[in-house]
Structures are given as structure tokens and as C-alpha cells.
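Chemist: Quick one: the structure is below, questions incoming.
Quick note: the coordinates plus some simple rules give every number you see, no bench work behind them. Computed from a predicted structure; not experimentally measured. So basically every Cβ, Gly included, is an ideal-geometry build from the backbone, and we count neighbours across all protein chains shown.
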Amino acid sequence: MLTRETFVDAISKIKKHEELMERLDSVCREFGAFRPSLDFGNLHLQALLEVLKEAMNDEYDYISWWLYEGTDHIVSWEENGKKVSVDLTEINALYDFLVENASKPDS
């Protein structure tokens, strides 16, 4: 399991990479309809995501969901007949959620 500091730092760097790629893509669009596919570091990014997923025991891929889905970051499920929801909007909440779920025994 990664420390909170390492996890937050890695996620922040992934987000920064994505922001830079979006800005670069935006600049390329100014040159016309032809846009080269610029995704520098994509293999490195994929490898990092795989390592994060494994290190955090992220069986259901919450990390990628958190980074790339354009939804609210609330997960919900039913437990003992009650609806349970957790707000994962903040990166530290995601970390806590992953740590808590990694420590639960498999059902």
C-alpha cells in the first residue's frame, strides 16, 4: 500500500500531464483540421496507472474512474439493505476509500 503522500503526488502528476496534453492539443488544432496524435508518455502513464492500481489493491479501477470519468465522484452501493454513498471528490477521500476497501476481507 502506498503512503498518502506518494499516492496524492502520483495522481497530481497524472492530472498535470493530462492538462498539458490538452493544452498542446488545443494549440495543434489552431493549425487546421489535421491534428497529429500527440500523446507523449502514454505508455509511461499506462504503466503508472497499473502500478497505482496494484499498489492500492484497486480491484474495481476507481483510480482511472476518478481521473477520467466526467461525473461526480460519488460511489453508492447497498449494504445490509441500506444505501451507502461516499463522496470521493477530494483525492484524500479516494485514498481513504481505497485503503479501507483493501483492508476488508473478500465476501
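Chemist: Quick check: anything in segment 79-97 among the β-branched types (Val, Ile, Thr) and in contact with a Phe, Trp or Tyr (Cβ under 7 Å, 6 or more places away or on another chain)?
Modeler: For segment 79-97, residues among the β-branched types (Val, Ile, Thr) and in contact with a Phe, Trp or Tyr (Cβ under 7 Å, 6 or more places away or on another chain): present.
Chemist: Okay, moving on. For segment 56-93, how many residues meet the condition of being touching a residue at least 40 places away in the same chain (Cβ under 8 Å) and aliphatic (A, V, I, L, M)?
Modeler: Count: 4.
Chemist: Only residues that are of a type in the set (Asp, Glu) and within 20 Å of residue 56 (Cα to Cα): list them for segment 74-107, please.
Modeler: Within segment 74-107, 87, 90, 96, 100, 106 meet the criteria.
Chemist: Across segment 95-104, what is the number of residues that are free of Cβ contacts under 8 Å to residues at least 40 places away in the same chain and not acidic (Asp, Glu)?
Modeler: Result for segment 95-104: 3.
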